[in-house]
Amino acid sequence: MEEEEIEKAVLAYLKKKGFRQTEVAFQEEQQLQQQQKHPQQQQSKNSSSNSHTDPDVAKLILTFTSESESLPAQYYDGYSKLRSWAHNSLDLYKHELLRVLYPVFIHCFMDLVARGHLQEARSFFITFREDHETMHERDLQKLEGVLSPSHLKEMEFAHTLRQSKVNIKICQYSHELLLQYLLKIQSMLGVVNEHINFQVCPGQPGIISDDADAVTLVDGGQDAANLINQKEIQWGMLEDSIEDRLEKGGGLLLDSDKVDGENKEGENEENKKRSADGGKQAAPVKKSKKDKVGGAGGKAARPEVITPLAPRVKPELTLPAMPTEVEHSILEDLRNRVQLSSVALPSVSFYTFINTHNGLNCASISHDGSLVAGGFSDSSLKVWDMSKLGQQMDNTALQGENDTAGNEHMHSANGGKIPYTLFQGHSGPVYSASFSPLGDFILSSSADSTVRLWSTKLNANLVCYKGHNYPVWDVQFSPYGHYFASCSHDRTARIWSMDRIQPLRIMAGHLSDVDCVRWHVNCNYIATGSSDKTVRLWDIQSGECVRIFIGHRSMVLSLAMSPDGRYMASGDEDGAIMMWDLASGRCITPLVGHTSCVWSLAFSGEGSLLASGSADCTVKLWDVNASTKTPRSEEKTGSSNRLRSLRTLPTKSSPVYSLMFSRRNLLFAAGVLSKRS
């Protein structure tokens, strides 16, 4: 066998196995040898007949060369054996070893496509796709469209997968078991070496609930994300805000104590009446009530006293001035705010849309709960006034209302129809709506790639904002109004102000649709969630990405910021919720419990509770303090500490579209009645 043929075969072998550094070093050595042999070319030709190698080595290399021609059979057989081996492993290590199958599957498929084995690639994909449909259905739908080698370069998602490595967390013993098997089989070793980066952890295998953040895909590698996450951010509250003044003055704590006292007096009077009516039977009731009130009061006040004050920062935007009467109203609400905790849960007011005929896309609730908006597939936006709840509709229709929408109404206590205001102007389905802090304006975003500003007092469209090139999935007013953020299928988020028709900032960096957007409480940052399974935090002033949060295994659909600006929660399509520390960019804990998409998240006023609304027709309440202050000893033990759901509130049959805590800590929710077969 000629020396040149051996070198080509060795290069092909190194490339197949993913040994890139060795391949480069071997090529450099080849070039160096060629330069040295060039003056002695004639001598080399004369001695070429003697440049034979060991027959066994030549046979092995020739075998490898012939194997490349039967690549489809190798991939099919190799993946099938790896799959069977992983599923038959010991239960203690099985869930870690199964993490390897999905990245191996998709890269085997794409390798077959890249090398022109299109029919075999399609057969391979169809045979094994069922294994991964539960966790990766959306990814598989995208890859199904890869029909030729050119598609791998043209499709952004496939190109990203080919250029990136998958990080997989695995314990040391599981890693050793996997390596021993791969060295024995060989056929899958190259795919694993080239596309998977193992993060080997000492000790016992991780728990199954860790799977949500055990497998991650990073564009350009984890180092790029770590570099971005080292940037300094100011996550605190705005200085001289209403909450800041109230907190410094101690007004909130004193007044809450006063409210607790008033509640106790009311309960004592009620217990006295019960004891007068029921005699001795009322005594145990009174005792248990007293115990509950004492426990609730003690635990509710603790976060206010122990939790250090969040740092104060200056706004980077010129914020609008707040009218004096509005400021007084907010102060009154904050002073009378109910202090919530794990033993003092909120009351919930749930608004249910009925007879929408599958046309409702989104719902939004004003900050005081007086107005509820719905965005529909027929391009309409409808706003209901809750003060008219239960009133019969009169003969005079509200401005902007027409007869075609007259049959749709919300369910009320006495069965009456509630009049609504109809806003028309979009030319495509309405996907999001957002009330201004004072409730006098409402924003809507649509498939027609525009955002519209409406006046709830004039019942009219004021401005149409154009800038996005594709459907706008979400729009959100800033906490102080005037400014708002939008995000779109065009993979960007944009910052706007009400008085300008062009965006102030464009945030670009996500690899796929930007599905949701939320403002930080100090208005200096916005967070965006994307179909690329990441969340990003953007600086408003510079437009730069200052944090990348990696860990979700499906598209991110909802976001929420804690009132002190320290934490962020994100929910995804698989039902997983992740709590993030903005300062470090790390996930504090996953919150597992929902069985379908998490469409809405909301923190309580003091930040002690997190509410989540899902397509599984439930509202869940989570203990934020327990989730963010888990002892290290508990983190190393079982999964019981990962599940911090305080209560699950099921609806009759209504997926939860929207959640919002009022300033007094009443939880508002909205959803649509869906008929289940």
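Structure values in brief
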quantity	calculated
Accessible-area value, Asp111, 1.4 Å probe, nucleic acids and ligands omitted, Å²	20 Å²
Distance in nm between pseudo-label sites at Gln141 and Asp240 (7 Å out along the Cβ direction from Cα)	5.0 nm
Solvent exposure ordering (accessible area, 1.4 Å, most first) of Trp473, Trp454	Trp473, Trp454
Accessible area (Å², per residue) of region 447-498, counting only protein heavy atoms and a probe of 1.4 Å	35 Å²
Ranked by how many other beta carbons lie within 10 Å on average, peptides 22-28, 512-518 from highest	512-518, 22-28
Accessible-area ranking of Tyr470, Tyr480, largest first, probe 1.4 Å	Tyr470, Tyr480
Length added when fully stretched, Asp77-Leu118, from 0.36 nm per residue minus Cα-Cα	13.0 nm
Given Lys142/Lys675; Lys652/Lys675; Lys388/Lys675; Lys8/Lys81, the pairs whose alpha carbons are separated by over 19 Å	Lys142/Lys675; Lys388/Lys675; Lys8/Lys81
Total formal charge among the other residues, if their Cβ is under 11 angstrom from that of His594, Lys/Arg +1 and Asp/Glu -1	-3
Gln31-Lys94 FRET efficiency (beta carbon distance; Förster radius 45 Å; 0.05 resolution)	0.45
Cβ-derived FRET efficiency at R0 22 Å, Asp440 paired with Ile501, nearest 0.05	0.65
Average Cα contact separation per residue, region 505-566, under 8 Å, 6 or more apart, as relative contact order %	33 percent
Rounded to the nearest 10 Å², the accessible area of Arg245 at probe 1.4 Å	110 Å²
Table column - 3J(HN,Hα) (Hz), region 454-462, Karplus curve with 6.51, -1.76, 1.60, x for Gly and Pro	10, 9, 7, 8, 8, 6, 9, 7, 9
Accessible area of region 542-610 belonging to carbon and sulfur atoms, whole % at 1.4 Å probe	46 percent
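The values are calculated or read from the model by the stated rules, or taken from the named source; none is laboratory data. On a predicted model such as this, the values are computed, not experimentally measured, just so you know. Don't worry about glycine lacking a Cβ; one is built from the backbone with ideal geometry, like all the others, and counts go over all protein chains shown. Side chains included, ligands, DNA and RNA excluded: accessible areas come from the protein's heavy atoms. Shrake-Rupley method; radii C 1.70, N 1.55, O 1.52, S 1.80 Å.
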